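Notes follow once the structure below has been shown.
The values are calculated or read from the model by the stated rules, or taken from the named source; none is laboratory data. Here the structure is a predicted model, which means the values were calculated and not measured. In this analysis, Cβ positions are derived from the backbone assuming ideal geometry, glycine residues included, and neighbour counts consider all displayed protein chains. Heads up: the accessible areas ignore ligands, DNA and RNA and are worked out on the full protein's heavy atoms, side chains in. Shrake-Rupley method; radii C 1.70, N 1.55, O 1.52, S 1.80 Å.
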Amino acid sequence: MSKQQHTFPNKSTSVHELLDTIKSKRTKDIDWRKGRAFCLIYHPGDEREEGIKQIFNQYYADNALNPTATPSIVELETETVSMCADLFHGDEQVCGNVTTGGTESILLAVKTARDWAKQHRPHITQPHVVIPESAHPAFMKAFHYFNIDFTVTKTGKDFSADIAATEAAIASNTILLVGSAPAYPYGVMDPIVEIAALAKRKNLLCHVDACIGGFILPFIKEAGYEIPPFDFEVDGVTSLSADVHKYGYAPKGASVVLYKNHELRRFQFSLYTKWAGGIYGSPTMTGTRAGSNIAAAWGALRSIGREGYLEMAKTTMDTTERIKKAIRSIDELEIMGETNMCIVAFKSSKIDVFMLADVLNKKGWHFERQQLPPTLHFTINYIHKDVVDEFVDDLKTSVAEVREKRLQQMGNKLQSSLVKGLSSLLPEGTIAKLQQNSKPDLDNENKAAMYGMMGALAGTGDLDKIVLDFLDTIYTAKS
Ligand SMILES: Cc1ncc(COP(=O)(O)O)c(C=O)c1O
């Protein structure tokens with residue numbers, strides 16, 4: 001039997017040494033503290049972060065699993081939920097829980113809908129959800145985990161959910177409609193008022209995914225931008241998810257899921273009362289619940305407050321406007337969708353945006369690469385005010401550099417269309433070999449060709465296999 005890459009430590013290692021190890025490992029990570037990452041991280045500034053960290057540390061080891069052991073955490077959680085319900089125009093009936101993130105909030109909302117339907121729509125044996133193509137894959141995870149059928153509807157020309165397509169997709173076993181505020185790919189709001197009205201008319205539940213927008217849209221609106229209603233002020237909305245660990249600026253591991261009323265939330269809970277270990281009742285997906293994350297969510301909302309969030313939203317929108325202005329001034333780039341949100345994605349019909357991404361990556365900038373069509377995606381937050389000029393300069397010079405590389409770009413295009421054509425023609429063995437060659441290499445700086453090829457294979461079983469290989473490889477220890 002071959003051995004593991006790492007043996008279990010026999011002796012203790014000093015924290016000093018461990019910190020040195022982490023320091024050296026971290027040189028590979030994105031430098032978000034310097035504002036170089038337009039993805040994954042939301043930073044409210046060092047001073048605010050320090051305060052929230054202190055609150056987090058108060059509950060460093062605490063477990064919120066048993067509410068009678070730590071009633072203070074229950075108070076922090078219920079106060080957090082109540083503050084959020086207030087922000088999202090909920091009446092006194094609106095309730096919910098703190099979860100570990102957007103995905104858990106969405107999983108719970110979908111599970112709740114399924115169990116609600118079991119009781120209220122007993123004729124439905126196989127529940128079904130209608131969801132726009134722009135919605136987050138956390139929903140697909142939920143459908144997969146909870147064995148729910150779904151129909152993905154095409155978005156309209158403005159990239160928002162198409163209400164006619166949504167209505168057409170409703171079937172006799174549909175239980176839930178979904179809309180995003182906004183959807184992640186282009187930051188575009190779905191027409192929540194129409195989706196919720198349709199849900200109400202058809203006696204369905206309606207979930208609003210405000211995971212990314214929840215803690216900034218109300219303040220963008222207060223700053224004077226037009227934001228359509230998206231929360232419990234909309235008649236027909238029955239649940240909503242919003243991530244405190246995104247624009248709420250709490251550390252990772254904090255979101256809220258809210259329901260229109262207590263009757264609905266009861267379907268979220270999980271019980272087992274016949275266990276020798278005692279009566280088990282759990283409000284969310286996890287068993288053990290980190291008290292630190294709940295406290296930090298509470299601490300972020302309280303320590304930043306409406307005034308702080310408003311100030312950060314104004315600054316972030318100013319930064320966004322400056323970035324958008326720069327993009328509009330570049331002939332090759334085209335912004336996807338109209339939105340008053342600090343998410344910007346652009347495509348190009350003139351240059352290879354993945355090649356542009358490589359050039360920007362080499363200059364130390366990080367962001368997401370999207371597909372169908374290829375776009376680059378920037379989530380702008382408070383920290384980017386410090387780097388916006390440098391970024392805009394680098395964007396302009398990088399586009400100029402890519403312009404020069406046209407010839408190479410044509411080569412890549414040829415390569416991806418070749419792969420696309422070949423994938424339907426070649427025998428299995430050859431495809432497998434192709435996958436081996438295209439295994440994503442995190443240290444490879446030139447990723448444009450790889451992403452181009454993956455884009456060409458999007459939605460095919462071949463790409464699914466590549467992604468499974470990638471996940472299996474990356475979560476296997478290296479020596
Ligand atoms: C709109 C939307 N929903 C859900 C999620 C999932 O959130 P998480 O990654 O915290 O699970 C995201 C994450 O970016 C999102 O943008």
### Message
Consider the range 51-75. How many of its residues are closer than 24 Å to Y309 by Cα and open to solvent by 100 Å² or more (accessible area, probe 1.4 Å)?
### Response
3
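For A210, indicate whether it is without any contact (Cβ under 8 Å) to a residue 40 or more places away in the chain and of a type in the set (G, A, S). Working first, answer last.
On the way: without any contact (Cβ under 8 Å) to a residue 40 or more places away in the chain: no; of a type in the set (G, A, S): yes.
Against the criterion (without any contact (Cβ under 8 Å) to a residue 40 or more places away in the chain and of a type in the set (G, A, S)), A210 does not qualify.
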### Task
Grab the strands (runs of 3 or more DSSP E) fully contained in the range 302-389, keeping just those with 3 or more residues being among the aliphatic types (A, V, I, L, M) and surrounded by 18 or more Cβ atoms within 10 Å (Cβ to Cβ).
343-347
### Task
Report, by residue number, each residue of the range 153-176 that is crowded, with 16+ Cβ neighbours inside 10 Å and among the aliphatic types (A, V, I, L, M).
A161, I163, A165, A169, I170, I175, L176
### Task
Looking for whichever is under 23 Å from the mean Cα position of the chain (by Cα), among the hydroxyl-bearing types (S, T, Y) and assigned by TED's automatic domain parsing to the domain that holds V244 here; the options are T320, T284. Which one fits?
T284
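Residue-by-condition table, conditions (1) away from the ligand (no atom under 16 Å from the Cβ); (2) of a type in the set (D, E, K, R); (3) assigned to a helix (DSSP H, G or I):
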position	(1), (2), (3)
M140	no, no, yes
A165	yes, no, yes
C211	no, no, no
F219	yes, no, yes
E226	yes, yes, no
G236	yes, no, no
### Task
Give me a count of the residues in the range 25-50 that are open to solvent by 70 Å² or more (accessible area, probe 1.4 Å) and at negative phi.
10
### Task
Take D158 and decide whether it is assigned to a loop (DSSP other than H, G, I, E, B), in contact with a Gly (Cβ under 7 Å, 6 or more places away or on another chain) and either in contact (Cβ under 8 Å) with a residue 60 or more places away in the chain or away from the ligand (no atom under 15 Å from the Cβ) (or both).
yes
### Meets criteria (touching a Pro at 6+ places or on another chain (Cβ under 6 Å), among the hydrophobic types (A, V, I, L, M, F, W, C) and within 14 Å of the ligand (Cβ to nearest atom)) for A109
no
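Does the range 4-13 contain any residue that is open to solvent by less than 70 Å² (accessible area, probe 1.4 Å) and either in a helix (DSSP H, G or I) or more than 24 Å from K246 (Cβ to Cβ) (or both)?
Among the residues of the range 4-13, at least one is open to solvent by less than 70 Å² (accessible area, probe 1.4 Å) and either in a helix (DSSP H, G or I) or more than 24 Å from K246 (Cβ to Cβ) (or both), which makes the answer yes.
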#### Entry: Condition met for G179 (among the small types (G, A, S), touching a helix residue (DSSP H, G or I) at 6+ places or on another chain (Cβ under 6 Å), within 15 Å of the ligand (Cβ to nearest atom) and open to solvent by less than 30 Å² (accessible area, probe 1.4 Å))
yes
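Within 14 Å of the ligand (Cβ to nearest atom), open to solvent by 10 Å² or more (accessible area, probe 1.4 Å) and among the basic types (K, R): which single residue out of K274, K252, K260 fits that description?
Details: K274 fails: within 14 Å of the ligand (Cβ to nearest atom); K260 fails: within 14 Å of the ligand (Cβ to nearest atom).
Of K274, K252, K260, the one residue that is within 14 Å of the ligand (Cβ to nearest atom), open to solvent by 10 Å² or more (accessible area, probe 1.4 Å) and among the basic types (K, R) is K252.
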#### Entry: Search result, residues across the range 395-407 that are in contact (Cβ under 8 Å) with a residue 12 or more places away in the chain and open to solvent by 30 Å² or more (accessible area, probe 1.4 Å)
K396, E401, R403, K405, R406
### Message
Out of the residues in the range 198-209 meeting the condition of being buried (at least 17 other Cβ atoms within 10 Å of the Cβ) and part of a helix (DSSP H, G or I), tell me which one is farthest from the ligand (Cβ to nearest atom).
### Response
K200
### Query
Do we find a residue being under 21 Å from P71 (Cβ atoms) and part of a loop (DSSP other than H, G, I, E, B) anywhere in the range 290-301?
no
### Message
Could you check the range 219-275 and list, in sequence order, the residues that are β-branched (V, I, T) and more than 26 Å from E50 (Cα to Cα)?
### Response
I227, V234, V237, T238, V257, T273
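Let's see how each residue does on (1) away from the ligand (no atom under 16 Å from the Cβ); (2) over 15 Å from A199 (Cβ atoms); (3) among the charged types (D, E, K, R); (4) in contact with a Pro (Cβ under 9 Å, 6 or more places away or on another chain):
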{"position": "R114", "(1), (2), (3), (4)": "yes, yes, yes, yes"}
{"position": "I124", "(1), (2), (3), (4)": "yes, yes, no, no"}
{"position": "P127", "(1), (2), (3), (4)": "yes, no, no, no"}
{"position": "P137", "(1), (2), (3), (4)": "no, yes, no, no"}
{"position": "D149", "(1), (2), (3), (4)": "yes, yes, yes, yes"}
